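Please treat every number below as a calculation from the coordinates, not as lab data. These numbers come from a predicted model, not from an experiment. Backbone-built Cβ (ideal geometry, glycine too); neighbour counts: all protein chains shown.
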Amino acid sequence: MLEKINTKYKQLKELLKNSNSKQTFKNWLVSELAYSSNAIEGNTLTKKETELVINERITSSSKPFVYYQEAVNHAKAFNKCYEYIENNDKITEKHILELHRIILTGIDDINAGFYRNCMVRISGSRVILPNPMKVPKLMEDFILWLQNQDINDIHTAINAHLKFVSIHPFVDGNGRCARLLMNLLLLKAGYSPIIIRPRDRKRYLDAIENAQLTQNEEKYNKFMLKMLDKSMQTAIDILDTSKNIEPDDKLLTISEFAKLTGLTVATIRYRVKQNQIKPYLYSESGYMLFKKEQKNKIKRK
């Protein structure tokens, strides 16, 4: 897996030498990570709704306003991560508290940017989290550990994520902050952020819990590396313009492709997940696009 990731690292690095590709990459990540990270926490905004509220501040009365606030806040926090990278900042407690403050602004202003002062539990989990009295010292040790790690090693980012969620320093927003920190470190090292799709939520949470309960991180590391590999490939597919598309050769959305094949969207997604078919490419927003000719291939499965 590491060999595959390293190969994709070189591909991505080459693609990002183009300034337009860099901007496309960032624009895609802002909404993609806001959508996926918030979805893990129960936010039901679609990708399109997430993009619209982030880019145009368009909301709908059909969803709770807090969901839109979470999307906007995550986008702001991610842009702040880019600032840290561009300034070559060494991550400190101040940076983490600032990210948390942005994440909870307008949602829970009392706790935004402050460590918890009460016991918390993860719903449905058997993991016992640290006493709040221990949190400041645990975070101090965490920062010291982080500053002494090889920042270019992907395991540093993955381990930082696990350590952070295991401390669970805040009343709310721990998962979002942990993923932001991990992805900040991955971007800083030249990799794509890890995108945890909603469909992978259970496996993601199970991998974390297994590592916390057994103190064995093998399953967790394997899962996260697999997600990184997938995320790297998605980024490459979005940025690689070497695939020439004829002007009259219209690409199909997954809904259009499902209608063409007579299958459901869910079935198409399952076939993609099982590597039975691969989208021709991904749009800048990460949507799967197909060619009509692929109909024959999927029918034979």
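Suppose R0 equals 45 Å; then what is the FRET efficiency for Glu14 and Lys137 from their Cβ-Cβ distance, rounded to the nearest 0.05?
The computed FRET efficiency comes out at 0.55.
Which entries of Lys90/Lys222; Lys4/Lys219; Lys13/Lys202; Lys202/Lys226 have Cα-Cα distances beyond 24 Å here? Don't skip to the answer; put the middle values down first.
Numbers: Lys90/Lys222 28 Å; Lys4/Lys219 18 Å; Lys13/Lys202 31 Å; Lys202/Lys226 15 Å.
Table pairs above 24 Å Cα-Cα are Lys90/Lys222; Lys13/Lys202.
With r as the distance between the Cβ atoms of Glu3 and Asp240 and R0 = 22 Å, compute the FRET efficiency 1/(1 + (r/R0)^6) and round to 0.05.
Working: r = 20 Å, r/R0 = 0.91.
The value I calculate is 0.65.
Could you work out how far helix 47-56 tilts from the main Cα principal axis of the chain, as a 0 to 90 degree angle to the nearest 10?
70 degrees
Working out 0.36 nm times the residue gap between Asn117 and Arg269, then minus their Cα-Cα distance, what length gain in nm do you get to one decimal?
Length gained between Asn117 and Arg269: 50.4 nm.
Which residue, Asn87, Asn79, Asn38, tops the fluctuation ranking in a GNM of the chain built on C-alpha contacts under 10 Å?
Maximum fluctuation in the GNM of the chain, among the listed residues, is at Asn87.
Once you charge only the Cβ atoms, +1 for Lys and Arg and -1 for Asp and Glu, what is the size of the charge dipole of segment 2-239 about its Cα centre, to the nearest 20 debye? Kindly include the intermediate steps, with their values, before the conclusion.
Values: 34 positive and 27 negative charges, 89 e Å.
Rounded to the nearest 20 debye, it is 420 debye.
If the chain between Leu260 and Ala189 were fully stretched, how many nm would it gain, using 0.36 nm times the residue separation less the Cα-Cα distance?
21.4 nm is the gain from fully extending Leu260 to Ala189.
In degrees between 0 and 90, to the nearest 10, how far off the longest principal axis of the chain does helix 93-104 point, with axes built from Cα atoms?
Once rounded, one gets 60 degrees.
Ignoring solvent entirely, what values of log10 I(q)/I(0) come out of the Debye formula for the chain at 0.08, 0.10 Å⁻¹ when each Cα is a single scatterer?
Taking Cα atoms of the chain as identical point scatterers yields -0.37, -0.58.
Given the C-alpha centroids of segment 47-110 and segment 187-225, what is the distance between them in whole angstrom?
22 Å
Ignoring everything except DSSP H segments at least 4 long, calculate the 222 nm mean residue ellipticity for the chain; use -39,500 (n - 2.57) per segment, divide by total residues, nearest 500.
After summing the helix terms and dividing by the residues of the chain, the value is -19500 deg cm²/dmol.
Can you tell me the dipole magnitude for segment 252-299 around its Cα centre, using point charges on the Cβ only (Lys, Arg +1; Asp, Glu -1), in Debye to the nearest 20?
With only Lys, Arg, Asp and Glu charged at Cβ, the dipole is about 240 debye.
Can you tell me how much longer the chain between Lys26 and Ile110 gets when fully stretched, taken as 0.36 nm per residue apart minus their C-alpha distance, in nm with one decimal?
Between Lys26 and Ile110, full extension yields 27.2 nm more.
Tell me, what are the semi-axes, in whole angstrom and largest first, of the equivalent ellipsoid of segment 144-298 as set by the roots of 5 times the Cα gyration tensor eigenvalues?
Over the Cα atoms of segment 144-298, the ellipsoid semi-axes are 35, 18, 12 Å.
Under a point spin-label approximation (7 Å from Cα along Cα-to-Cβ), what is the Ile85-Thr44 distance to one decimal in nm?
Reported label-point gap for Ile85 and Thr44 is 3.3 nm.
Within a 10 angstrom radius of the beta carbon, how do Leu228, Leu129 rank from fewest other beta carbons to most? Could you put the intermediate results ahead of the total?
Details: Leu228 26, Leu129 20.
Least crowded to most crowded, the residues run Leu129, Leu228.
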